[in-house]
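See structure below.
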Amino acid sequence: MSDGIPKPEKDYSDVLEVELPKLDELAKTDIQGAVERLLALEKQTRQSSDLASTEKLLVKIITIYKDAGDWKQMNEQVQLLSKKHGQLKQAITMMVQEVIKFLDDAPDTDTKVDTIENIRTVTEGKIFVEVERARVTRTLAKIKEDRGDIDAAAELMCDLQVETYGSMDNREKTEFILEQVQLCVIRGDFPQATVLSRKISTSYFDNPEVQDLRLRFYELMIHISLHDDQYLDVCKHYRAVYDTPSVKDDELKWKDVLRSIVYFIILAPFDNEQSDLIHRIESDTRLQLLPMESELIKCFTLNELMRWPRIDEIYGTHLRKVAVFDVSDPKGEKRWDDLRKRVIEHNIRVVAKYYTRIHTSRLKTLLDLSDQETEAYLSRLVTQGTIYARINRPERIVTFDKPKDSNDVLNEWSSNISSLLGLVETLSHLISKEEMISAKA
């Protein structure tokens with residue numbers, strides 16, 4: 001036995017060369033008689049483990065029914081032949097592959113669907129035809145999708161665990177998973193779409209030959225992240241698109257993508273990752289070709305106050321025209337409100353950097369907020385751990401200076417003393433140097 005193929009006990013190739021032309025002629029007048037004789041030959045070749053001859057006979061039987069337009073009988077024969085005792089796996093695979101080729105010639109969609117369902121039944125539980133089963137399932141899911149039955153299409157595709165198929169190449173696996181994710185997105189099952197997307201290793205997209213799959217993957221990931229308002233994730237997905245060679249080489253494309261990167265990084269809540277990423281984006285030299293976005297992102301990287309009415313006045317007209325902040329889209333309105341929140345939060349961080357104590361009346365003036373809004377935003381940033389603040393309500397004083405415990409005070413005192421002694425020692429050396437110079441003079 002070699003590669004799982006049994007050694008034939010007898011070679012029937014010479015017999016088939018003589019018999020097949022005769023049976024082709026007989027099939028023109030008596031299909032049933034021709035098939036019965038073919039089945040008799042098939043039994044002999046199967047029992048003799050003659051793989052090549054068995055494959056020819058299985059293909060010939062189903063081809064006769066297909067050419068006669070009797071798809072029902074063809075499907076029945078596929079079922080029967082696949083269940084024959086001792087049927088060779090390679091012969092079943094060849095037969096299934098041949099039936100798949102016939103699908104494009106099906107007289108109507110219903111016949112095509114029936115044939116696909118028959119193939120799925122025959123291949124169920126058989127690892128050696130798992131790839132063929134996956135391919136016809138994909139075709140069936142497409143038919144269901146075209147008919148508007150998204151739930152059925154998604155169920156069919158999601159039942160396939162193509163990531164475990166060793167005989168399927170990486171590109172085809174990725175295409176299958178992307179279709180699974182897309183169907184889940186269409187039917188609104190975003191948690192399942194997220195789980196499925198994790199089956200794809202993003203390092204695979206480093207291959208320049210799969211740029212189309214890379215763009216398709218990140219387009220879906222952007223859609224999922226937008227649904228959950230995960231602005232930082234959206235920004236990172238857009239950066240992956242931006243780094244795609246086909247996008248970098250197209251000025252119109254990279255400009256649109258870079259604009260989106262800027263919009264979503266400023267919408268993302270502040271944290272260490274967001275702060276690092278926004279400075280890296282600002283350092284992109286291409287950003288200078290987008291003056292409006294360049295100035296906007298600069299406002300968020302400087303430790304300076306930016307009054308929301310002024311931001312609205314300068315950038316509002318431009319931003320409200322882009323899809324991210326579209327006036328007619330409820331999501332666009334929400335993002336515009338989130339942008340206002342990010343501006344206010346930035347201003348509070350700037351105030352906390354320059355003030356240790358400030359009166360609430362002065363603070364609300366700097367923030368262009370009411371007392372209630374000022375307290376709400378302060379509380380939110382304190383809860384998130386972004387800043388330290390305490391509000392003295394009777395005196396209406398906000399304190400940003402974090403009190404130090406005894407250990408911190410002692411450590412600071414020790415550090416200051418060490419610095420002082422270092423300066424004294426340096427000064428002593430300088431004085432000694434000057435004295436020596438004066439003595440020589």
Exercise for the section: Starting from the Cα of K321, draw a straight line to each of the aspartates and glutamates and keep only those under 17 Å, dropping any in the same chain fewer than 8 residues away. Expected result: D256, E293, D312, E313, D329, E333, D337, D338
Practice task
Note the listed values [x] 29.5; [y] 21.4; [z] 40.3, then indicate which one is mean projected area of the Cα convex hull in nm² calculated from this particular structure.
Solution key: [z]
Problem - Cleavage-rule hits (trypsin sites (Lys or Arg not before Pro)) in the range 1-106: DSSP loop, at most 13 neighbouring Cβ within 10 angstrom - result: K10, K28, K83
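If a/c stays under 1.5 just call it rounded; otherwise compare a/b with b/c (prolate if a/b is bigger, oblate if not). Do that for the range 1-136, with a ≥ b ≥ c from the square roots of the Cα gyration tensor eigenvalues. Walk me through the numbers before you get to the answer.
Numbers: a/c = 2.24, a/b = 1.12, b/c = 1.99.
Oblate is the answer for the range 1-136, as a/c is 1.5 or above yet b/c matches or exceeds a/b.
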Fill in the blank from the handout: Quick calc, the range 34-183, dipole around Cα centre from Cβ unit charges on Lys, Arg (+) and Asp, Glu (-), nearest 20 debye, gives 700
Fill in the blank from the handout: Flagged as over-length at 22 Å C-alpha distance, from K84/K126; K173/K236; K72/K101; K43/K83, the pairs are K173/K236
Fill in the blank from the handout: Classified through the alpha carbon gyration tensor (a ≥ b ≥ c as square roots of its eigenvalues; rounded if a/c is under 1.5, else prolate when a/b is larger than b/c, else oblate), the range 331-440 comes out prolate
Practice task
Give a residue-ordered list of calculated ³J(HN,Hα) values for the range 114-124 (Karplus: 6.51 cos²θ - 1.76 cosθ + 1.60, θ = phi - 60°; whole Hz; x for Gly, Pro).
Solution key: 4, 5, 5, 4, 5, 5, 4, 5, 5, 8, 4
Practice task
Before anything else, pin down the relative contact order of the range 210-274: Cα pairs under 8 Å, at least 6 apart, normalised by residue count, whole percent.
Solution key: 34
Completion exercise
Computed over the chain, the relative contact order (Cα-Cα under 8 Å, seq sep at least six) in percent reads 6
Exercise for the section: Using the charge dipole of the chain (Lys, Arg: +1 at Cβ; Asp, Glu: -1 at Cβ; taken about the Cα centre), state which of L420, I387, T360 has its Cα farthest towards the positive end. Expected result: L420
Handout entry: Between 0 and 90°, nearest 10: helix 406-440 axis offset from the chain longest Cα axis
Key = 60
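In the structure displayed, which of K56/K199; K144/K199; K7/K144; K298/K334; K66/K89; K7/K142 lie more than 32 Å apart, Cα to Cα?
On the way: K56/K199 39 Å; K144/K199 24 Å; K7/K144 43 Å; K298/K334 23 Å; K66/K89 22 Å; K7/K142 41 Å.
The answer is K56/K199; K7/K144; K7/K142.
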Completion exercise
Applied in sequence order to the range 89-94, the curve 6.51 cos²θ - 1.76 cosθ + 1.60 (Karplus, θ = phi - 60°) yields integer Hz couplings, x standing for Gly and Pro, of 4, 5, 5, 4, 4, 4
Exercise for the section: Can you grab the distance from the C-alpha centre of the range 122-154 to the C-alpha centre of the range 347-369, Å, no decimals? Expected result: 61
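Helix-only mean residue ellipticity at 222 nm, the chain, DSSP H runs n ≥ 4 weighted -39,500 (n - 2.57), per residue, nearest 500. What is it?
Numbers: 21 runs with 307 residues, N = 441.
Rounded to the nearest 500, it is -22500 deg cm²/dmol.
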Exercise for the section: Would you please name the trypsin sites (Lys or Arg not before Pro) within the range 164-265 that are DSSP coil residues with at most 12 other C-beta atoms within 10 Å of their C-beta? Expected result: R198
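No value in this document is a laboratory result; all are computed from the given coordinates. These numbers come from a predicted model, not from an experiment. Don't worry about glycine lacking a Cβ; one is built from the backbone with ideal geometry, like all the others, and counts go over all protein chains shown.
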